[in-house]
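Have a look at the structure below before the remarks.
Values quoted throughout were computed directly from the atomic coordinates according to the rules given, and no laboratory measurement underlies them. This structure is a prediction, so every number in the text was calculated from the model and none was measured. Note that each Cβ is placed from the backbone with ideal geometry, even for glycine, and that neighbours are counted across all protein chains shown.
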């Protein structure tokens with residue numbers, strides 16, 4: 001699994017004019033990509049990392065300050081544009097594999113006590129955020 005983690009001062013995702021997920025104040029906006037060999041165990045590992053990674057103000061984590069997370073599935077994180085002019089998506093897991101694993105990341109975060117908002121899997125989403133820093137890191141598990 002791969003995640004792009006951005007420290008934000010608010011973020012939201014809109015689908016067809018409707019806000020489907022939104023966090024306010026300090027938190028993390030997390031784009032999650034799933035590949036073919038990912039498992040529920042990797043989803044749990046990613047959730048633990050997201051909950052405890054110290055990237056907020058004063059090197060604190062979401063668990064330290066009860067900061068919310070906006071988790072959004074993004075298959076394009078496994079796109080490969082090294083050859084030609086069109087990316088390939090061969091490394092991205094298909095929807096029936098990816099969706100339950102993204103849901104598992106969310107479920108595991110909530111089990112840890114996190115406040116989590118989400119996008120809508122497979123939808124044409126509009127994500128807006130205020131990146132605080134800017135601060136963006138990649139997390140692979």
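Summary table
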| read-out | value |
| --- | --- |
| Any hit, the range 114-133, residues being buried (at least 20 other Cβ atoms within 10 Å of the Cβ) and either assigned to a helix (DSSP H, G or I) or more than 13 Å from the chain's Cα centre (by Cα) (or both) | yes |
| Residues located in the range 19-29, provided they are touching a residue at least 60 places away in the same chain (Cβ under 8 Å) and surrounded by fewer than 16 Cβ atoms within 10 Å (Cβ to Cβ) | 22 |
| Looking only at the range 34-45, and only at residues there that are farther than 21 Å from residue 113 by Cα and free of Cβ contacts under 8 Å to residues at least 60 places away in the same chain, the one that is farthest from the chain's Cα centre (by Cα) | 37 |
| Filter result for residue 32 (in contact with a helix residue (DSSP H, G or I) (Cβ under 9 Å, 6 or more places away or on another chain) and buried (at least 21 other Cβ atoms within 10 Å of the Cβ)) | yes |
| Members of the range 60-105 found to be surrounded by 13 or more Cβ atoms within 10 Å (Cβ to Cβ) and closer than 12 Å to residue 38 by Cα, listed by number | 91, 92, 93, 97, 98, 99, 100, 101, 102, 104, 105 |
| Complete set of residues in the range 46-84 that are without any contact (Cβ under 8 Å) to a residue 60 or more places away in the chain and under 13 Å from the mean Cα position of the chain (by Cα) | 68, 69, 71, 72, 73, 75, 76 |
